[in-house]
Structure formats: C-alpha cells, structure tokens
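What follows is a single structure, written as structure tokens, with notes after it.
Where a number appears in this text, it was derived from the coordinates with a stated rule and is not lab data. This is a predicted model, so every value here is computed, not measured. When we count neighbours, we look across all protein chains shown, and the Cβ atoms used for this are built from the backbone with ideal geometry, even at glycine.
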Amino acid sequence: MANGNSTFSVIGSDVTITGDISATVDLHIDGKVEGDIKCASLVQGDGSAISGAVVAESARLSGEVRGSITAKELVILKSAKIHGDVHYDALTIEQGAQVDGRFAPNASKPQAASAKAPDAVKRVPADEAQATLEIAK
C-alpha cells in the first residue's frame, strides 16, 4: 500500500487486477491489469499484459497492451505487442516491436465536428502516400 513517501508502486508478476488504476506516482507493472490505467509514468515489464486504455505522461512498454495509449513520451520496446491506437508527443519504437493500430501525434487528435477542414487540402492516392518511421536500435 502506498504512503505519502512512496515514489512508485509495483504490481508484481503474480498479481492480476480487474478494475481501473489511477496513480499519482510512477507505476511499474509486471502482472496483468484488466482495466484502464492513468498515472504519471508507466513502466511495463516483458511478461505483463494490460487490457484497457493507458494514459500517462511517460510510458515504457515491453509487454502486451490491448487498448489505446496516450502519452507525452512513449517508448515501445522490441518485446512489446500493442493492439490499439497510439497518441504521443515523442515516440521511440525499437526494431521488432509489434503494433497493430494507428499512430497519431497528440496535437492531431480529432477536433470538434464543427471545425472545417482547410480548403487547400490535396488528396493523394493511397499508392502515392508515404510515411517515415524512425526505428531505434
């Protein structure tokens, strides 16, 4: 149980939590979580699994996540398996990481429906579209 002097909380590999987690301190997860997570900083161990949305200032993921991820600073390590959309300010992905979802910078989250698209938008056929992804080694 966390007290006022704790700087982080750990969920061990033998622990399964069903329900949402909200932490004002850093959180290290080695076990399984079935629910949404909101914390300052998240470190996910290799064998851990999260089924739910993750919202954190910073996140370092190396296990399995089934749900959306929103973080200012996000590191996806090579052992990670992500199934969901990813929103970030800064992103690092190690070679070998698996992500099944869409990437979008936090600044490009969808705006209100009343916002009009700029008139000067040029449509590019899918076969001509290009994207660049920097892979960290």
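Taking label points 7 Å from Cα along the Cα-to-Cβ direction, residue 81 and residue 16 give a separation of 1.6 nm. Computed over neighbours whose Cβ is under 14 Å from that of residue 66, the net charge equals -3, Lys and Arg +1, Asp and Glu -1.
If you take all other residues with their beta carbon under 9 Å from the beta carbon of residue 97, and give Lys and Arg +1 and Asp and Glu -1, the sum is +1. The local environment of residue 29, defined by Cβ-Cβ distances under 15 Å, has a net charge of -3 under the rule Lys, Arg +1 and Asp, Glu -1. Converting phi to 3J(HN,Hα) with the Karplus coefficients 6.51, -1.76 and 1.60 and the offset θ = phi - 60°, the range 54-67 yields 10, 10, 8, 5, 9, 9, 10, 10, 9, x, 9, 10, 10, x Hz in sequence order, with x at every glycine or proline.
Can you figure out the FRET efficiency of residue 34 with residue 106, using R₀ = 25 Å and their beta-carbon distance, to the nearest 0.05? It comes out at approximately 0.45.
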